[in-house]
Structure formats: structure tokens, C-alpha cells
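The values are calculated or read from the model by the stated rules, or taken from the named source; none is laboratory data. These numbers were taken from a predicted model, which means no experiment stands behind them. Because the Cβ atoms are built from the backbone with ideal geometry, glycine has one as well, and the counts that use them run over all protein chains shown. Ligands, DNA and RNA are stripped out before the accessible areas are found, and what is left, the full protein with its side chains, is counted by its heavy atoms. Shrake-Rupley method; radii C 1.70, N 1.55, O 1.52, S 1.80 Å.
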Amino acid sequence: MIKKQRNKPLKLRQLESLYKRLHASHPKQQQIEKALSNYAAGYRGEQSIDYHLTFLNPAHMIFHDLRLRNSLGYFQIDTLILTSSFFLIIEVKNIAGTLSFDPHRYQMVRKVNGTVEGFSDPRLQVKRHHLQFEKWLEQQQIPIPPIYKVVVISFPTTIIEAPSSSLEKVIHAAQLPYDILELEMQHPNLTISPKSMEQIASRLKRHHRPLDTNMVQHFEIDPGAIKSGVQCEACDEIPMKYSTGWKCAVCGHRSKNTHIKALIDCALLFQTTITNEQSCHFLGLPSRKTGTRILRSLQLKHNHKHKGRTYDLSSLLAIVPIERK
Ligand SMILES: [Zn+2]
């Protein structure tokens, strides 16, 4: 049973918005394209384990992309599985080639197309998550059952060279249901009641804090270099012009609600609150009156001020409200 769905990571959505709103000739564009393709591959990798998880006992609880905080700071778990007798932490890696894991020290080497490259070892990462999660459970005064950890390689063609005796196993995604079955056989006694499971689940969801890095600041991009305006859904041109609705000057495409996507971009790239004046500027609206009408029609939460009212765009992002520094 999936208790927390995997959503497209905020970072990936920010990069997509940034990529399409930055001029192709911008000096940072190539760097952003590379980051975008890396994050997109990571996300695809995480998604690819979903099929294998459909084989699990439906009573097991699955949480994707859980970001929690203990006294030491934040940590993010790709996938967490709660069963009534043990927990399992899964770290997903989407890496092609031959991956060798050093049996004596934590080191991962990737060989692909004749090149050899070193990576930070995901076994160390999952080991760290284990300790952090244990600490979180302790702070929450939740009794700690046996916790297992596994690194899952999502590319079926990746060759894994890893010691099988290691506490942090490295496996292909297809092996995951069988490994879980084996753990179930090792722990036949149900030690956590269904009621406690539900309580832990709701606490995990309540404590989840999505990561919010401002990508514009991260790449040190001048906000002035970001194209404002509504993007045409048909030909990608920015901006569309507004009269009674949106119209693209290039392809003639018309739309009523394309401003929603532009406001989402605005929330992803700048801030999750907006005034009427800022929205008029970003959307390229002809008058404040139109701006008010558009913002009101979206039924956004606002601060109830009459002058300088700020609207909260978080509901458009459909995520837990985030605080951006
Ligand atoms: Zn167009």
C-alpha cells in the first residue's frame, strides 16, 4: 500500500522551469541542461522500481521521497518500507556500466566505454540514512524494530560487482521483492500492531519536509535574465499576449488558463507568494484589474490585506507549503 506517493522533485521542476525561461545563449544554460538531465535520470530510476514494488504484500506501507529532520539535520530516503516486523530503507541509483564496490572500504567505481570513474558509495549513503532514521524514531519515541537497508540499481543492464556478505546489499530492482520475502521469512512474528503502523505512517507524512533549494540563486543567475510572460503550449513561444484570453503572436494558439503554468514557474523560480503588481508584471497583463480577476479566480489563500495583498501560490504547486530562505 503506497502511503506517500512519489512526486516529481521540486528541484527537477525548478530546473525545467529555469531551462525553458533562460535564453538558449545564456552562459549557464549548458550547466543547467546537464543538471536537468542528471536529475531527470535519477527520477526515472526511482520510478522504475515502482513496478517491482507492486509484488509486495499489500499490508506493507511504502513511502517515497521522505525528507525528515532529526536533531542533526535533514535526511532524505528514496523509498521506505514499513512492515509489521521490520523496516527497509531503499536507496535507488540509476547508473549504467559496470559498478564495482570495494569489499574493504566504501568505494564505488564505474567502468563504462573504457573510462573508469569514482563515485561516492551509495552503501555509505544508505548506512547514514539508517543511523539518521534510527535517531528520528528514537526522538519520536517510536520503538525501533530491525531496520534493513539496500541499494537498488535501476538499470537492469548494469553489471554489479559487490560483495554479497555486506550489510548494505547492492541489487537489481527485480530482486527487491524476493529479498523482502526473505526478510519476511526471517521475521515471521508481527511485532508492530496495525494501529501503531498507522500512527507511525501519519507521523512520517506529517514530518515530511520537501527540499527547497532556490535554483536561480544556486546557479547564480541574475533574475533579470529569466524570461517573464506566459508560454504558448503549442509552440513554446514566450510571451503570449492577453486581451480577453491568451493568444500567441507566433502560431495564433489561444488559451484561457495558460497563466496558471506561468504562475507555477514564478513560484518555482522566485517565491511562493505574489502580489497583484508582481503577477501583472510577470504575466504581462494589461491592467491591475485583470490581475486581480485572474488571482481571485484561482481561489488562492491570501493574507486578507486590502493593500499589498499577497497570494499564496503553494496550492498551484500542489505540495506542502514550503519556506524558501
Ligand atoms: Zn504559439
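Some points to look at:
- Number of positions in the range 7-28 that are touching a helix residue (DSSP H, G or I) at 6+ places or on another chain (Cβ under 9 Å) and farther than 20 Å from residue 267 by Cα: 2
- Any pair with Cβ under 8 angstrom, 6 or more apart, that starts in the range 217-246 at a residue that is among the hydroxyl-bearing types (Ser, Thr, Tyr) and ends at one that is more than 10 Å from the ligand (Cβ to nearest atom) and in a loop (DSSP other than H, G, I, E, B): 228/239; 228/284; 242/230; 242/284; 242/285; 242/286; 243/286
- Single residue of the range 214-270 satisfying the filter (open to solvent by less than 60 Å² (accessible area, probe 1.4 Å) and of a type in the set (Ser, Thr, Tyr)) that is farthest from the ligand (Cβ to nearest atom): 228
- Within the range 1-24, residues that are open to solvent by 30 Å² or more (accessible area, probe 1.4 Å) have Cβ atoms under 8 Å from residues that are polar (S, T, N, Q) in these pairs: 11/213; 19/29; 20/231; 23/29, counting only partners at least 6 apart in sequence or on another chain.
- Here residue 274 passes the criteria (1) part of a helix (DSSP H, G or I); (2) more than 16 Å from the ligand (Cβ to nearest atom); (3) of a type outside the set (Lys, Arg) except the one numbered (1).
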